[in-house]
Amino acid sequence: MDSVYKINPELDVPIYQQLVDSIRAAIKNGTLPAGQQLPTVQEMTERLGIARGTIKRAYDELELGGLVEKAQGRGTFVRYQPANSSSRKEQAMAAIDDMLNHLEEMGFSPMEINIFLDLKLRQRAEQEAFVKVAVVECNSECLSHMSEQLRHISGVDLQAFLLENVERYPYQLSEDFDLVVTTSQHGDYLAEILPDKVPLARTALRPSAHSLARILKLQAGEKLGIVGSSSRFAQLMYNTCKSYVEDAEVYEPTTAEAEDLEVYLKDKTVVLVPKFYEKYFSAGATELIQNFGGRVIDCYYKMDEGSVLYLESKIKRLLDAKSI
């Protein structure tokens, strides 16, 4: 249970908000069931070593959200309970009755009310028919490549997150997102650390046909250097080259911010960099690549066709469900 009440003072997120997010997630996923008593403000202060006022603010926020209730002299208790389908239906029918009664009192006929309702429902469908998608990857290059592909799928409202930032604060992916897209490499790990059961979609990345064709044309005697913005992407490009290059000499990769980048490039005849490397590299590293005397191959990774078809189908189903 102590894992529910963890905070990280090094994060930019206010301490009280971290506590609110962690407790909210634990309540919503059932770790803290209805009726469970939370530690007192004093107990929480001693446990976490933070100010009483911070704890009180977090508890007040949770109470305003209807997740907890304070019983005078007894403490703070979880009050959130998921509504069952029958009670929600009854509440919905009562709300509709109230609306119809009000419109009839205004003098509108049943036909006019029906026209108004149909118009408003269509307006809402147009405004709300999108799927909020988070894409998560461990390096900025692949994250950008995946995001570019996903933005071409209609109905997607996209946000991109580096895996290291999600690791530091998983709650930024809870509740608001309809779908989290990541690579198969990180899928199981994300499923473990996410506070809520947000649907996960795992995809496979492959070098683009254009990039792969240029890599396959490398010939004996050529010396290939590999430069990435991140060490992870540089290693990914290196692994690809080691799998496909037979004759050329492939050197260990480096990053654009390496102090010896100029020395690294000096004896190479070909250099492999991320597509749109100018977006990732510093001005100095970009100038070195632009002035490189040999060939420059840009490398772009894409979600494979099967992954794209799978995501398009999944997003369409989510859109259809939102439009009902």
Would it be correct to say that Ser174 is out of contact with any Phe, Trp or Tyr (no Cβ under 9 Å at 6 or more places or on another chain) and either surrounded by fewer than 17 Cβ atoms within 10 Å (Cβ to Cβ) or at negative phi (or both)?
-> yes
Can you confirm whether the range 11-34 contains a residue that is surrounded by fewer than 19 Cβ atoms within 10 Å (Cβ to Cβ) and over 30 Å from the mean Cα position of the chain (by Cα)?
-> no
Of the residues in the range 108-161, those that are part of a helix (DSSP H, G or I), touching a Ser or Thr at 6+ places or on another chain (Cβ under 8 Å) and modelled with pLDDT of 90 or more number 4
Please find, among Ser184, Ser147, the residue that is of a type in the set (S, T, N, Q) and under 13 Å from the mean Cα position of the chain (by Cα).
-> Ser147
So, first residue farther than 19 Å from Leu143 by Cβ in the range 267-278, second residue of a type outside the set (Asp, Glu) and part of a loop (DSSP other than H, G, I, E, B), Cβ within less than 6 Å, six or more apart or across chains; the pairs are Thr269/Gly294; Val270/Gly294; Val271/Phe292
Given (1) touching an Asp or Glu at 6+ places or on another chain (Cβ under 9 Å); (2) farther than 30 Å from Met99 by Cα, where does Val156 come up short, assuming only one miss?
-> (1)
On the given criteria, is Tyr238 modelled with pLDDT of 95 or more, aromatic (Phe, Trp, Tyr) and under 20 Å from Ser144 (Cβ atoms)?
-> yes
Residues that are over 17 Å from Asp298 (Cβ atoms) and assigned to a loop (DSSP other than H, G, I, E, B), drawn from the range 249-285 | Tyr251, Glu252, Glu257, Ala258, Glu259, Asp260, Asp267, Ser282
Can you name the residue in the range 185-215 that is farther than 25 Å from Ala25 by Cβ, in contact with a strand residue (DSSP E or B) (Cβ under 9 Å, 6 or more places away or on another chain) and among the small types (Gly, Ala, Ser) and is also surrounded by the fewest Cβ atoms within 10 Å (Cβ to Cβ) among such residues?
-> Ala209
State whether one or more residues within the range 216-239 are in contact (Cβ under 8 Å) with a residue 60 or more places away in the chain, more than 30 Å from Gln123 (Cα to Cα), part of a loop (DSSP other than H, G, I, E, B) and not assigned by TED's automatic domain parsing to the domain that holds Met146.
-> yes
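The values are calculated or read from the model by the stated rules, or taken from the named source; none is laboratory data. Just so it is clear, the structure is predicted and the values come from calculations on it, not from any experiment. Heads up, the Cβs are rebuilt from the backbone with ideal geometry, glycines too, and the neighbour counts pull from every protein chain shown.
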